Amino acid sequence: QEDGGPKTRLRCPACAWTHWNNPTPVLAAVIELADRDGRVLLARNAAWPVKFFGLITGFMEAGETPEQGITREIAEETALTVDSLALIGVHDFQRMNQVLITYHAVAHGEIVLSPELLEYRLVPPAELKCWPAGTGYALADWLRARGIVPQWMELPAPSPSEPT
């Protein structure tokens, strides 16, 4: 037991370092393109095994705020410029041991995908389908805030490299 709590953690017997196994913060964005009739950008990651399109996501780096991090990720992965950000919410993604911090980003510019993304789609908000995992819950919250009842898709059985 560690710090008197009920949870047992791995501890190195040689140096007493404790492996806390805390969730990793992951940033995500529902990117709305104001110059394209408010359509939302979904992208397909090269590492995903199925033809699935999801939100732009990335890891927060040391020394940056979540807002700086998601602005950087959007620029790195899409070449878009962020005009405004608003927090959608924070959701757990326990299967990947992550905490998702999701923003609504209004952005503009020419979309140029990074090598980690294979293709993208621009989808009107009313036509979006939410996935029942990770960032799909944040997308559903964003849709509800706009008065749109979320539609849900069914996913195939999860694999180790599933999208967030």
- If you go through the stretch 4-25 one residue at a time, do you hit one that is touching a residue at least 40 places away in the same chain (Cβ under 8 Å) and closer than 13 Å to residue 138 by Cβ? no
- Task: Kindly provide the set of residues from the stretch 97-110 that are β-branched (Val, Ile, Thr) and open to solvent by 20 Å² or more (accessible area, probe 1.4 Å), ordered by number.
- Result: 99, 101, 106
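Go through the stretch 30-67 and give me each residue that's assigned to a loop (DSSP other than H, G, I, E, B), of a type outside the set (S, T, N, Q) and either within 17 Å of residue 99 (Cβ to Cβ) or in contact with a Lys or Arg (Cβ under 7 Å, 6 or more places away or on another chain) (or both). If you could, list the steps in order and put the result at the bottom.
Applying the first criterion (assigned to a loop (DSSP other than H, G, I, E, B)) to the stretch 30-67 yields 37-38, 46-53, 55, 60-65.
Of the ones still in play, those that are also of a type outside the set (S, T, N, Q) are 37-38, 46-53, 55, 60-64.
Once the filter is applied, which keeps residues that are assigned to a loop (DSSP other than H, G, I, E, B), of a type outside the set (S, T, N, Q) and either within 17 Å of residue 99 (Cβ to Cβ) or in contact with a Lys or Arg (Cβ under 7 Å, 6 or more places away or on another chain) (or both), the stretch 30-67 yields 51, 52, 53, 55, 60, 61, 62, 64.
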- Note on the structure: With the first residue restricted to the stretch 98-118 and required to be farther than 23 Å from residue 134 by Cα, and the second required to be assigned to a strand (DSSP E or B) and among the β-branched types (Val, Ile, Thr), Cβ contacts under 7 Å at 6 or more apart or on different chains are 108/81; 109/81
- Message: Please go through (1) modelled with pLDDT of 85 or more; (2) open to solvent by less than 30 Å² (accessible area, probe 1.4 Å) for residue 47 and return the number of the only condition it doesn't satisfy.
- Response: (2)
- Item | Cβ-Cβ under 7 Å pairs, at least 6 apart or on other chains, the stretch 43-71 side within 17 Å of residue 106 (Cβ to Cβ), far side surrounded by 16 or more Cβ atoms within 10 Å (Cβ to Cβ) and among the polar types (S, T, N, Q) | 55/135; 56/78
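The values are calculated or read from the model by the stated rules, or taken from the named source; none is laboratory data. Keep in mind it's a predicted model, so treat the numbers as computed, not measured. Ideal geometry is used to build each Cβ from the backbone, glycine not excepted, and the neighbour counts take in all protein chains shown. Remember, those area values only see protein heavy atoms, side chains included, never the ligands or the DNA or RNA. Shrake-Rupley method; radii C 1.70, N 1.55, O 1.52, S 1.80 Å.
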